[in-house]
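Taking it in order: structure first as structure tokens, then the write-up.
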Amino acid sequence: MGDILYELNQVRHYYGDKQVLDIEALKIPKGSILGLSGPNGSGKSTLLKILAFAMAPSQGQVKFNNRKERPMSPGIRSKVTLLTQKPYLLKRTVFDNVIYGLKIRKDKDNLHQRAAHALERVGLNYDDFHHRFWDELSGGEAQRVAMAARLILHPMALLLDEPVANVDTKSATLIRKAAMSAKKSWGCTLVIVSHDLSWLHQCSDTKISMAEGRIFSTGEESMIPRPYTLLQDSGSAHPKDRVLVKDLGKNAFIRLSPKTGKTAVIPKEKIKLCLSKENNNGYDNQIRASITQMLLEQKNNNILTTIQVDSFSLTLSLSHDQVKAQSLFPGKQIILMFRARDIAWR
């Protein structure tokens with residue numbers, strides 16, 4: 001994965017006067033999987049459209065395979081493809097949808113055989129489905145057909161924008177499997193946007209998160225997304241003594257350090273898990289949370305543990321000894337502890 005497929009420098013994008021992307025630099029190696037997460041409105045879909053060369057950024061440079069490319073140019077259309085949350089099928093048969101990209105390229109060899117193979121990758125039998133029309137498919141089947149239409153092109157880069165958000169469990173599994181197969185079969189580079197953090201952590205070589213159009217590494221720190229609120233400090237009656245917090249709902253707050261940047265992040269090494277709150281230990285953030293998921297990490301044999309507090313979640317890599325010592329399991333209530341002074345600003 002040493003060669004670079006995408007290289008972005010000083011990329012910024014605006015919708016009117018509103019800036020939605022602000023990326024100083026981003027490199028995506030060939031054959032890698034980049035997992036991208038973040039709250040709605042953080043710029044993820046805009047970034048994918050730029051990576052798909054569906055539009056140009058307002059400012060900055062995007063190189064693909066060490067070349068500057070124009071949006072919608074014939075040279076790039078067969079190398080990069082984007083699958084969105086909604087399949088957007090043509091009002092035609094499954095077969096016509098799957099081969100449409102090949103016909104645009106005037107590549108008409110062995111269309112039926114290639115379509116059958118592409119449909120097989122997403123778990124659809126060619127004889128049963130090739131003649132069906134777009135409106136005779138379930139939502140999951142339609143998304144799998146859309147995936148097959150992209151896989152048949154053997155793209156260098158496959159961009160997935162919440163590809164399994166609105167499909168049944170079987171279709172979601174098959175779409176994920178097909179994406180991994182594309183990487184394995186021809187070295188396809190994958191960029192995956194998803195709220196399914198466990199999937200991203202399992203499959204991604206690199207994980208980043210976005211907030212307000214900017215990117216953050218998620219390997220060593222967790223983002224605390226905006227908005228933030230100024231509240232009266234409960235320990236003071238003076239009206240000027242207000243503290244910056246992240247409101248988690250249900251009278252739960254994250255106390256933040258004094259604001260010196262746009263987005264708050266907490267280094268994962270500064271986070272402590274306990275079974276009950278502790279007094280006078282210096283941790284001014286002690287938040288009741290739930291463990292929602294635990295998965296074995298193949299790379300290091302740790303337990304990938306997702307912790308949820310209302311809309312705020314983070315994922316920690318815990319050793320087997322840590323899990324055993326506190327008898328942690330999905331559904332268990334724990335106390336998430338960290339100090340406000342350890343929160344950094346980016």
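The values are calculated or read from the model by the stated rules, or taken from the named source; none is laboratory data. Since we're looking at a predicted model, the values are computed, not measured. When we count neighbours, we look across all protein chains shown, and the Cβ atoms used for this are built from the backbone with ideal geometry, even at glycine. Side chains included, ligands, DNA and RNA excluded: accessible areas come from the protein's heavy atoms. Shrake-Rupley method; radii C 1.70, N 1.55, O 1.52, S 1.80 Å.
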- prompt: Distance in nm between label sites at Arg226 and Ala252, each 7 Å beyond Cα in the beta-carbon direction?
  reply: 2.4
message: Under the 0.36 nm per residue contour assumption, what length would be gained going from the current alpha-carbon distance of Ala325 and Ser198 to full extension?
response: 43.4 nm
DSSP beta bridges in segment 54-208 [antiparallel fraction, %, rounded to 5]: 25
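Any chance you could run the full-extension gain for Gln308 through Ala54? It's 0.36 nm times the residue separation minus the Cα-Cα distance, nm to one decimal. Each step should come with its number before you reach the end.
Numbers: separation 254, 0.36 × 254 = 91.44 nm, distance 3.52 nm.
Full extension of this stretch gives 87.9 nm more.
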- request: Give, rounded to the nearest 20 debye, the magnitude of the charge dipole that segment 1-83 has about its Cα centre when Lys and Arg contribute +1 at Cβ and Asp and Glu contribute -1 at Cβ.
  value: 260
- prompt: Across segment 87-94, in residue order, what do the Karplus-derived ³J(HN,Hα) couplings come to in whole Hz, using 6.51 cos²θ - 1.76 cosθ + 1.60 with θ = phi - 60° and x for Gly and Pro?
  reply: x, 6, 6, 6, 7, 9, 6, 4
task: Give the residues of segment 82-115 whose amide nitrogen is closer than 11 Å to a point set 7 Å from the Cα of Asp135 in the direction of its Cβ.
output: 91-92
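Within segment 29-93, list the chymotrypsin sites (Phe, Trp or Tyr not before Pro) lying in a DSSP loop whose Cβ has at most 13 other Cβ atoms in a 10 Å radius. Display every interim value, and only then the final one.
On the way: sites: Phe53, Phe64, Tyr88; in loops: Phe53, Tyr88.
Hits after loop and neighbour filter: Tyr88.
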field: Hits among aspartates and glutamates - C-alpha to C-alpha of Lys250 under 17 Å, sequence gap 8 or more where chains match
entry: Asp310
task: Tally the DSSP beta bridges in the chain and give the antiparallel ones as a percent, rounded to 5.
output: 75
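By the scheme Lys and Arg +1, Asp and Glu -1, what is the net charge of all other residues having a beta-carbon under 14 Å from that of Thr263?
My count for the surroundings of Thr263 gives +3.
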statement: Using alpha carbon centers only, segment 279-332 is separated from segment 126-177 by a whole-angstrom value of 34
query: Taking amide H positions as placed 1.01 Å from N in the peptide plane, with prolines and chain starts having none, which residues 5 or more places from His154, or on another chain, fall under 5 Å of its amide H?
result: none
field: Spatially proximal lysines relative to Lys324 (Cα-Cα < 18 Å; intrachain offsets below 8 disregarded)
entry: Lys272, Lys332
message: With the crude spin-label approximation of a point 7 Å out along Cα→Cβ, what separation in nm comes out for Glu269 versus Lys86?
response: 4.6
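Per residue, how many Å² of accessible area does segment 250-346 show with a 1.4 Å probe? Provide the component values of the computation, followed by the final result.
Numbers: 5350 Å² over 97 residues.
Each residue of segment 250-346 exposes 55 Å² on average to a 1.4 Å probe.
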statement: One would report the antiparallel percent of DSSP beta bridges in segment 137-275, rounded to the nearest 5, as 75
task: Excluding residues on the same chain fewer than 8 positions from Lys207, give the lysines whose Cα lies under 21 Å from its Cα.
output: Lys27, Lys30, Lys44, Lys49, Lys63, Lys177, Lys183, Lys184, Lys262, Lys268, Lys270, Lys299
query: Given H placed 1.01 Å from N in the peptide plane, which residues other than close sequence neighbours of Asn285 have an amide H under 5 Å from its amide H?
result: Phe338, Ala340
statement: Out of Leu248, Pro267, Ile287 - ranked by how far each Cα lies towards the positive end of the dipole of segment 220-346, with unit charges on the beta-carbon of charged residues - the top one is Leu248
